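A.B. asks: Got a structure for you, written out below as structure tokens; questions coming shortly.
Where a number appears in this text, it was derived from the coordinates with a stated rule and is not lab data. Note that this is a predicted model, so its numbers are computed, not measured. Positions of Cβ are generated from backbone atoms using ideal geometry, with glycine treated the same way; all protein chains shown enter the neighbour counts.
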Amino acid sequence: MEKWRAANRLLKYSSKLRCDRRLNLCYVNSIHSSALGLTRGFGETCKQFQPLIFRDCSKTLQEPVDRSLFRDACRIQYRCFGFLAKEVKRSPLFSTLSADDISYFKRILGEKNVIMDEDRLVTANTDWMGKYKGSSKLLLQPSSTKEVSQILKYCNSRRLAVVPQGGNTGLVGGSVPVFDEVIVNVGLMNNIIAFDKVSGILVCEAGCILENLVSFLDNQGFIMPLDLGAKGSCQIGGNVSTNAGGLRLVRYGSLHGSVLGLEAVLANGEVLDMLGTLRKDNTGYDLKHLFIGSEGSLGIVTKVSILTPPKLSSVNVAFLACRDYSSCQKLLQEAKRRLGEILSAFEFLDEESLNLVLNHLEGVRNPLPPSMHKFYVLIETTGSDESNDKEKLEAFLLHSMEIGLISDGVLAQDINQASSFWHIREGVPEALMKAGAVYKYDLSLPVQKMYDLVEELRIALGHSAKVIGYGHLGDGNLHLNVSAPQYDDMILAKIEPYVYEWTSKHHGSISAEHGLGLMKANKIFYSKSAETVQVMASIKKLLDPNGILNPYKVLPHCVSSDG
Amino acid sequence: MKIMVPIKRVIDYAVKIRVKPDKTGVETSNVKMSMNPFCEIALEEALRIKESGLATEVVAVSMGPTQCVDTLRTGLAMGAERGIYVEAKGDLFPLSVAKILKKLIEIEKPGLLILGKQAIDDDCNQTGQMVAGLLGWPQGTFASKVLLDKEKQVATVEREVDGGLETLCLDLPAVITTDLRLNQPRYATLPNIMKAKSKVIKKFTLLDLNVEIKPDLEIVEVREPPKRKAGVIVSSVDELIDKLRNEAHVI
């Protein structure tokens with residue numbers, strides 16, 4: 001009965017949800033976001049969660065105003081645990097900008113770094129997919145940590161909400177304002193502070209564009225430990241704040257490993273100097289990790305020290321075809337064993353992904369004509385000995401072909417060919433954008449089960465939309481994308497919460513590398529226990545008591561709106 | 001008919017070139033080397049001619065240090081039947097290359113020699129013309145289209161000239177050099193890489209061929225192009241006009 005009621009409520013709601021959130025029509029004043037769905041195991045989590053919230057609230061709330069908020073929070077909590085969706089409302093705790101605020105900012109930053117120009121604000125208010133749109137009236141461009149500190153101290157005392165922004169290339173609506181938050185863009189803080197050629201440790205400001213760091217390091221004979229499609233505009237501060245993954249993770253690990261230190265400014269303007277350049281430092285809690293991947297909700301990262309690996313001269317890339325998904329898996333196992341230390345990327349895409357790229361991107365040709373194969377795998381090796389590495393890779397590929405793991409393949413003979421293979425894999429998101437509407441999901445799943453989801457969703461959606469799967473097989477990271485001629489609530493209702501529930505059931509993560517942002521803030525329970533989220537909320541409360549930093553994001557609204 | 005295709009090992013097209021500190025040349029140690037892109041196009045054209053039944057065999061040739069054998073393997077993996085490697089130390093300039101090729105042609109007797117129009121490292125654009133001269137063969141340079149007539153033993157070559165196309169008819173045997181738009185070279189597939197491992201690469205020394213290499217050119221100095229100066233933002237039209245007139249001297 002309970003189940004039926006929940007389903008009924010969902011149906012009622014979905015008919016109400018006329019305005020398409022992906023077309024961002026309703027983002028100006030209010031946000032609709034579908035709430036958590038309930039799976040069986042999930043209901044239990046929620047039950048556990050409720051008393052914890054109560055306890056926390058009763059401890060921290062004293063004033064009557066807060067009491068009503070507390071009730072609100074609980075109501076919202078109740079609602080979001082049902083099959084209902086809720087509206088995100090601008091928090092009444094935040095002030096609105098006044099002329100005095102503007103003149104204060106002008107005084108500390110100078111006229112030209114206080115931007116109120118419509119055109120520039122439109123860009124800063126909108127994410128690159130055009131999916132999320134805020135209505136901020138103010139963009140600040142500090143050029144030093146001191147200025148960031150002054151801004152935050154002031155905003156905190158005035159209770160002005162702030163959204164930290166880097167290159168604004170995020171995919172989950174984390175880098176744009178939801179309402180009228182003040183945008184703090186650290187793009188002017190783009191100096192390289194130091195580089196140690198012996199240890200390979202780079203210290204730089206947060207606004208350095210990833211590609212500029214790559215070319216700076218190239219001249220020194222080093223590379224960045226991360227590489228991603230958005231490198232031409234994304235900034236290192238944003239990369240660190242979102243714990244960006246990308247193409248080299250299988251080799252160099254996540255930023256939790258390669259970031260050695262950072263400097264961050266807390267909501268009250270306090271500067272935390274944790275800019276160490278040590279590989280080993282076991283003195284107390286390693287707080288820098290709190291700022292890696294917290295999406296600017298705990299502080300603004302202003303400087304980073306990062307360990308960079310030396311640039312190795314021999315890079316080989318192979319583009320391979322596999323008959324079925326189990327061959328891709330076995331190939332990964334074999335590659336780890338036989339290519340070991342030189343394996344630097346193991347990416348996969350399915351037939352549908354390649355078709356999209358061939359149809360929508362100019363100048364791309366099928367590397368394995370004439371027929372199409374079910375799966376394609378891109379393997380990259382990076383090493384120090386050209387002939388040795390190539391021999392090793394060739395031997396591995398030929399062996400894999402003999403035992404039937406690979407049905408066909410090509411090996412790049414020069415850098416140009418290698419880039420054209422990479423272009424196919426990296427071009428999938430662009431091709432999807434050109435193909436029409438796209439629903440993007442970035443999931444971590446056990447490698448064995450990863451593709452089952454794609455197949456099951458394909459059956460569920462039938463002919464109404466194209467389901468494609470690609471991603472970083474080496475890291476167990478699936479990019480599940482649904483491409484449709486236009487955004488359609490009926491399609492969305494078939495995908496969500498199905499995809500999240502499926503992921504949760506298989507102990508996966510609903511956000512492997514994109515983060516939660518606004519899109520998935522309320523979905524956190526699919527991957528994290530109530531207790532864990534509760535600790536997160538307490539940390540948020542401790543570091544940002546007024547909740548001014550990147551509000552409405554990362555943490556579910558039922559726990560964050562009480563602060 | 002047999003087609004011979006000389007291929008050159010050069011610094012990869014995508015590598016950023018660095019001049020050696022002593023200015024004697026460019027840095028080649030620990031730098032990715034690949035087949036010259038124009039040579040790839042030449043080889044692709046030869047393979048297409050063979051696949052259309054107009055030729056029976058494609059022989060790839062390379063000369064220089066021993067690593068040239070790797071480049072030859074790439075050629076074999078693309079589909080050439082055999083390789084010939086001529087060991088030579090030191091700089092090889094176009095005239096020397098042409099003389100070596102002439103000797104090889106006398107041994108192999110191909111009906112067609114297809115080369116890249118130039119190598120991307122020295123940009124000489126001379127070898128094809130010189131071999132044709134030494135052999136007394138007709139030549140069609142900068143080919144953007146090649147058609148063979150087996151019966152008449154003629155090759156029709158379309159070449160890109162200033163402002164249009166020129167069509168030439170060459171009696172075989174002939175020399176053809178390839179331009180960028182002729183075709184798009186294929187990738188080396190795994191089955192072909194496997195086959196290439198058992199293909200034969202015959203090695204010659206200069207002594208075997210009885211060719212004497214005289215360095216007829218000397219590289220005096222290699223320099224990087226001057227760095228572009230940073231631009232300036234002018235504050236008024238008057239200042240712009242002033243700069244155009246007095247600094248750039250263009251108005």
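A.B. asks: Using every Cα-Cα pair within the stretch B:86-207, state what percent have a distance larger than 20 Å. All intermediate terms of the calculation are to be shown ahead of the outcome.
C.D. replies: Working: 3976 of 7381 pairs.
Every Cα pair in the stretch B:86-207 considered, those over 20 Å come to 54 percent.
A.B. asks: Let me ask something additional. Just need log10 I(q)/I(0) for the stretch B:2-226 at q = 0.14, 0.17 Å⁻¹, Debye formula, equal scatterers on the alpha-carbon atoms, no solvent, rounded to two decimals.
C.D. replies: For the stretch B:2-226 at q = 0.14, 0.17 Å⁻¹, log10 I(q)/I(0) is -0.88, -1.29.
A.B. asks: Then there's this: Can you give the Rg and Dmax of the stretch A:314-428 based on its C-alpha atoms, in angstrom?
C.D. replies: Cα only, the stretch A:314-428: 13.3, 38 Å (Rg, Dmax).
A.B. asks: Calculate one ³J(HN,Hα) per residue across the stretch A:165-179 by plugging θ = phi - 60° into the Karplus curve 6.51 cos²θ - 1.76 cosθ + 1.60, and present them in order as whole Hz with x for glycine and proline.
C.D. replies: Per-residue couplings from phi come out as 9, x, x, 6, 10, x, 10, 10, x, x, 9, 10, x, 8, 10 Hz.
A.B. asks: Averaged over B:10-16, how many beta carbons belonging to a partner chain fall within 10 Å of each residue's beta carbon? Numbers along the way, then the final one.
C.D. replies: On the way: counts 1, 0, 5, 3, 6, 3, 3.
Counting other chains' Cβ atoms within 10 Å and averaging over B:10-16 gives 3.
A.B. asks: Hey, if you drop one equal point scatterer on each alpha-carbon of the stretch A:85-240 and run the Debye formula without solvent, what base-10 log of I(q)/I(0) do you get at q = 0.13, 0.20, 0.21 Å⁻¹?
C.D. replies: Rounded to two decimals, the profile gives -0.65, -1.25, -1.33.
A.B. asks: I need the peptides A:404-412, B:204-212 ranked by packing, meaning the mean over residues of other C-beta atoms within 10 angstrom, with the highest value on top.
C.D. replies: Details: A:404-412: 21.4, B:204-212: 13.3.
Highest mean packing first, the order is A:404-412, B:204-212.
A.B. asks: Let me check against my output: what whole-number percent is the relative contact order of chain B, with C-alpha pairs under 8 Å and at least 6 apart? Walk me through the numbers on the way to the answer.
C.D. replies: Values: 474 pairs, mean separation 58.0, N = 251.
Here the relative contact order equals 23 percent.
A.B. asks: Based on the alpha-carbon set only, what is the convex hull volume of the protein assembly as shown divided per residue, in Å³? If you can, show how the numbers build up before the last one.
C.D. replies: On the way: hull volume 166.2 nm³, N = 814.
Once divided by residue count, the hull of the protein assembly as shown is 204 Å³.
A.B. asks: Residue-wise, which Karplus ³J(HN,Hα) couplings in Hz belong to the stretch A:229-238, taking 6.51 cos²θ - 1.76 cosθ + 1.60, θ = phi - 60°, and x for glycine or proline?
C.D. replies: Ordered by residue, 3J(HN,Hα) equals x, 8, 4, x, 10, 6, 10, 4, x, x Hz.
A.B. asks: For the pair A:E391 and A:R323, how long in nm is the line joining their label points, each one 7 Å along Cα→Cβ?
C.D. replies: So the label points at A:E391 and A:R323 sit 3.2 nm apart.
A.B. asks: Under 5 Å between amide H atoms, partner at least 5 residues away or on a different chain: which partners does A:A321 have, H built in plane at 1.01 Å?
C.D. replies: A:V377, A:S407, A:D408, A:G409
A.B. asks: Across peptide B:187-196, how many C-beta atoms of other chains are within 10 Å of each residue C-beta, on average? Walk me through the intermediate numbers first.
C.D. replies: On the way: counts 13, 6, 6, 15, 4, 2, 9, 5, 0, 0.
The mean count of partner-chain Cβ atoms within 10 Å per residue comes to 6.
A.B. asks: With label points built 7 Å along Cα→Cβ from the Cα atoms of A:K311 and B:V19, find their separation and express it in nm.
C.D. replies: Distance between label points: 1.9 nm.
A.B. asks: Given the pairs A:K505/A:K540; A:K137/A:K288; A:K280/A:K303, which span a C-alpha to C-alpha distance of over 21 angstrom in this model?
C.D. replies: Numbers: A:K505/A:K540 28 Å; A:K137/A:K288 32 Å; A:K280/A:K303 19 Å.
Checking Cα-Cα distances, A:K505/A:K540; A:K137/A:K288 exceed 21 Å.
A.B. asks: Mind giving me the FRET efficiency for B:R223 and B:C124? R0 is 22 Å, r the Cβ-Cβ distance, nearest 0.05 is fine.
C.D. replies: On the way: r = 18 Å, r/R0 = 0.82.
About 0.75, to the nearest 0.05.
A.B. asks: Here's something else I'd like to know. Between A:D273 and A:Y498, what is the FRET efficiency for a Förster distance of 56 Å, r being their Cβ-Cβ separation, to the nearest 0.05? Don't skip to the answer; put the middle values down first.
C.D. replies: Values: r = 46 Å, r/R0 = 0.82.
Efficiency computed from Cβ-Cβ geometry: 0.75.
A.B. asks: Between A:N366 and A:L287, what length comes free when the chain is fully extended (0.36 nm per residue of separation minus the Cα-Cα distance, one decimal in nm)? Write out the running numbers ahead of the final one.
C.D. replies: On the way: separation 79, 0.36 × 79 = 28.44 nm, distance 4.75 nm.
Taking 0.36 nm per residue and subtracting the Cα distance, the gain is 23.7 nm.
A.B. asks: Roughly what would the spin-label model give for B:E151 and B:S198, points 7 Å off Cα along C-beta, in nm?
C.D. replies: Placing both labels 7 Å along Cα→Cβ, they lie 3.9 nm apart.
A.B. asks: Give me a single rounded figure for A:541-552: the average over its residues of other chain Cβ atoms within 10 Å of their Cβ. Present the calculation step by step, with values, prior to reporting the outcome.
C.D. replies: Details: counts 0, 0, 0, 0, 0, 0, 0, 0, 0, 0, 0, 0.
Per residue, the average neighbour count from other chains is 0.
A.B. asks: Grab the Cα-Cα distance for A:N416 and A:D488, subtract it from 0.36 nm times how many residues apart they are, and report the gain in nm with one decimal. Each step should come with its number before you reach the end.
C.D. replies: Numbers: separation 72, 0.36 × 72 = 25.92 nm, distance 3.99 nm.
Using 0.36 nm per residue and subtracting the Cα-Cα distance, I get 21.9 nm.
A.B. asks: Also, I was wondering about something else. In terms of modelled amide H atoms, which long-range or inter-chain residues lie less than 5 Å from the amide H of B:V26?
C.D. replies: Under 5 Å from the amide H of B:V26: B:K20.
A.B. asks: Helix-only mean residue ellipticity at 222 nm, chain B, DSSP H runs n ≥ 4 weighted -39,500 (n - 2.57), per residue, nearest 500. What is it?
C.D. replies: Values: 7 runs with 71 residues, N = 251.
After summing the helix terms and dividing by the residues of chain B, the value is -8500 deg cm²/dmol.
A.B. asks: Please sort through the DSSP H helices of chain B and keep those with an alpha-carbon extent of at least 18 Å along the long axis and a Kyte-Doolittle average not below -0.5.
C.D. replies: Numbers: long enough: B:37-51 (21 Å, 0.10); B:94-108 (20 Å, 0.65).
Going by DSSP H runs, the hits are B:37-51, B:94-108.
A.B. asks: Here is a further query. Taking the highest mean first, how do the peptides B:20-31, A:517-528 order by number of other beta carbon atoms within 10 angstrom per residue?
C.D. replies: Values: B:20-31: 11.6, A:517-528: 23.4.
Order by mean packing, descending: A:517-528, B:20-31.
A.B. asks: If you count the DSSP beta bridges with both ends in the protein assembly as shown, what percent of them are antiparallel, to the nearest 5? Provide the component values of the computation, followed by the final result.
C.D. replies: Working: 85 of 119 bridges.
Taking every DSSP beta bridge with both residues in the protein assembly as shown, the antiparallel ones total about 70 percent.
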